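Engineer: Following this message is one structure expressed as structure tokens.
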């Protein structure tokens, strides 16, 4: 990770896994050491998949970030949830040119909160800002970046 003024840069990479099919990539997460991480675009049957496809990875990024932001909002007041689960549903559809695109990601967050003070704080975290987004969502790097449309630059070195 490189920090430049107000920017943080992290490099990740993938490499075609030469022992598998032509659409399975082994992930390189930079300094983060994970035993095995694969992106699988080859298999369409879930039972055969070696890893998630990029659409699922994006949904997991949004889901993980929103979940962490919500819990962070509670922790700012030293409060915690009794139990927590969340899930995301990715809808993929064809665009006007006929290409498949991620149309939307529906996120459902289910914190179990029994303490009345924690419940009160949770409701404060859910209050909408003047942008119409919940307070806790403002702190989610991934979701807010996806919503704003992340700049993607592509360079191919042949």
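Engineer: Looking at region 82-92, is at least one residue surrounded by 13 or more Cβ atoms within 10 Å (Cβ to Cβ) and without any contact (Cβ under 8 Å) to a residue 24 or more places away in the chain?
Structural biologist: no
Let's see how each residue does on (1) over 20 Å from residue 86 (Cα atoms); (2) modelled with pLDDT under 80; (3) assigned to a helix (DSSP H, G or I):
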residue	(1), (2), (3)
15	yes, yes, no
21	yes, yes, no
27	yes, no, no
44	yes, yes, no
52	no, no, no
61	no, no, yes
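The values are calculated or read from the model by the stated rules, or taken from the named source; none is laboratory data. Bear in mind that the values here come from a model prediction, so they are computed numbers and not experimental data. Quick reminder, even Gly has a Cβ in these numbers, built from the backbone with ideal geometry, and neighbours come from all protein chains shown.
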